[in-house]
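The values are calculated or read from the model by the stated rules, or taken from the named source; none is laboratory data. Because the structure is a prediction, the values reported are computed rather than measured. Cβ placement follows ideal geometry from the backbone for every residue including glycine, while neighbour counts extend to all protein chains displayed. Quick note on the areas: whole protein, heavy atoms, side chains included, nothing else; ligands and nucleic acids left out. Shrake-Rupley method; radii C 1.70, N 1.55, O 1.52, S 1.80 Å.
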Amino acid sequence: IKMCRSVMIKGLESLLVESLTSARAYGVEDRVVASLHETFPELDWEKIASYMVSRTALHGKRRAEEMREVAVTVREAGLDPWMASATAERQDWMAALKEPAHLAQVANDANWREYADRLLAVVAARRTSAADSGSSKCTPVRSRWTRARTWRRSHAARRASRARISRT
């Protein structure tokens, strides 16, 4: 039971870390949380996210190890453990950033945004450091950000064009 439940619980933790930290980076976190609330109005997403992100930040290393065991269990059931494996990777990522982002020093009652801000600061510092040293490790991350920004601009232009057409 515990292994099967972990796919869901630790997976949700990892999804919240990735979704909300990305949303925070783009400045749309309030809209994402509002959208989650519209989909599941009975859930307090701020409270759930704060709790789950804090648990991942503090226990990522152990949870990543557990999720690798869960992946074996899922595979033994005849399924490819895509979610369990991805969850282990996100938990490992959090564990690797625990020290540089000083996640253990975040107050127990902190909002998830505090964790996201610290994570994003470390990611940005590493990206800047990689760019300064000429490392090619930075290129894929920058490319994704550039593609996303380009897509957002072209999407906004299409919406504006449609709005002008509908007014005529």
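If you take the residues of region 9-27 that are over 17 Å from residue 91 (Cβ atoms) and open to solvent by 50 Å² or more (accessible area, probe 1.4 Å), which of them is nearest to the chain's Cα centre (by Cα)? Across region 9-27, the extreme among qualifying residues is 24.
A search for C-beta distances below 7 Å between a residue of region 54-76 that is within 24 Å of residue 119 (Cβ to Cβ) and of a type in the set (D, E, K, R) and any residue that is open to solvent by less than 70 Å² (accessible area, probe 1.4 Å) and in a helix (DSSP H, G or I), counting only pairs 6+ apart in sequence or on different chains, returns 55/13; 61/95; 63/10; 63/56; 63/91; 66/6; 68/88. Tallying residues that are open to solvent by 70 Å² or more (accessible area, probe 1.4 Å) and either of a type outside the set (Lys, Arg) or within 23 Å of residue 20 (Cα to Cα) (or both) within region 74-94 yields 8. Filtered by the rule that a residue be over 22 Å from residue 99 (Cβ atoms) and open to solvent by less than 20 Å² (accessible area, probe 1.4 Å), region 46-73 gives 49, 70, 71. Among the residues of region 119-137, is any assigned to a helix (DSSP H, G or I), modelled with pLDDT of 65 or more, in contact with a helix residue (DSSP H, G or I) (Cβ under 7 Å, 6 or more places away or on another chain) and within 30 Å of residue 4 (Cβ to Cβ)? Scanning region 119-137, I find at least one residue that is assigned to a helix (DSSP H, G or I), modelled with pLDDT of 65 or more, in contact with a helix residue (DSSP H, G or I) (Cβ under 7 Å, 6 or more places away or on another chain) and within 30 Å of residue 4 (Cβ to Cβ), so the answer is yes.
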